[in-house]
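**Q** Take a look at the following structure, please.
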Amino acid sequence: MDTAVLVLSSRLLVMAVATFLAIAVWARVRDAAWMLFVIGVIAGYADILYNILIHFGLLPADWPTLLGQPVLPFVFVNLPWLFFSAAFLLLLRRYNRR
């Protein structure tokens, strides 16, 4: 088995569990910071799915482009961290008021 496939498969399995648990939390918690954490986990799962589709040739790796550079790899890699950062900012703002 190809090492890249093994790594992607293990990431997919771990993120699938994390995404399932995040959705379970989403159903019970209506806090904005927690919602951003959940969305970040789901965005991380989307990143892994995108990488799998590229690895198996189901999506072109260089589409769409902006200024000659592929856009989606940049977006999918950074999107979860943007949501996590927004969640931390909300938590910091909330606890600085007290």
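Read-outs throughout are calculated quantities, based only on the coordinates presented, and are distinct from any laboratory measurement. None of these values were measured; they are calculated from a predicted model. Positions of Cβ are generated from backbone atoms using ideal geometry, with glycine treated the same way; all protein chains shown enter the neighbour counts.
**Q** Find the relative contact order for the chain and round it to a whole percent, using C-alpha pairs within less than 8 Å whose residues are 6+ positions apart.
**A** The value is 31 percent.
**Q** Using a Förster distance of 22 angstrom, determine the FRET efficiency expected from the C-beta separation of Thr65 and Val7, and round it to 0.05.
**A** Computed FRET efficiency for Thr65 and Val7 comes out at 0.25.
**Q** Return the FRET efficiency for the residue pair Phe20, Arg97: r is the Cβ-Cβ distance, R0 is 35 Å, and the value is rounded to the nearest 0.05.
**A** In this case the efficiency is close to 0.60.
**Q** Still on this structure, please answer the following. Report the equivalent ellipsoid semi-axes for the chain in whole Å, largest first, defined as the square roots of five times the eigenvalues of the gyration tensor built from alpha carbon atoms.
**A** 30, 18, 10
**Q** Taking a virtual spin label 7 Å from the Cα of Ala46 along the C-beta vector, which residues in region 1-35 bring their backbone nitrogen under 11 Å of it?
**A** No residue qualifies, since no backbone N sits under 11 Å from the label point.
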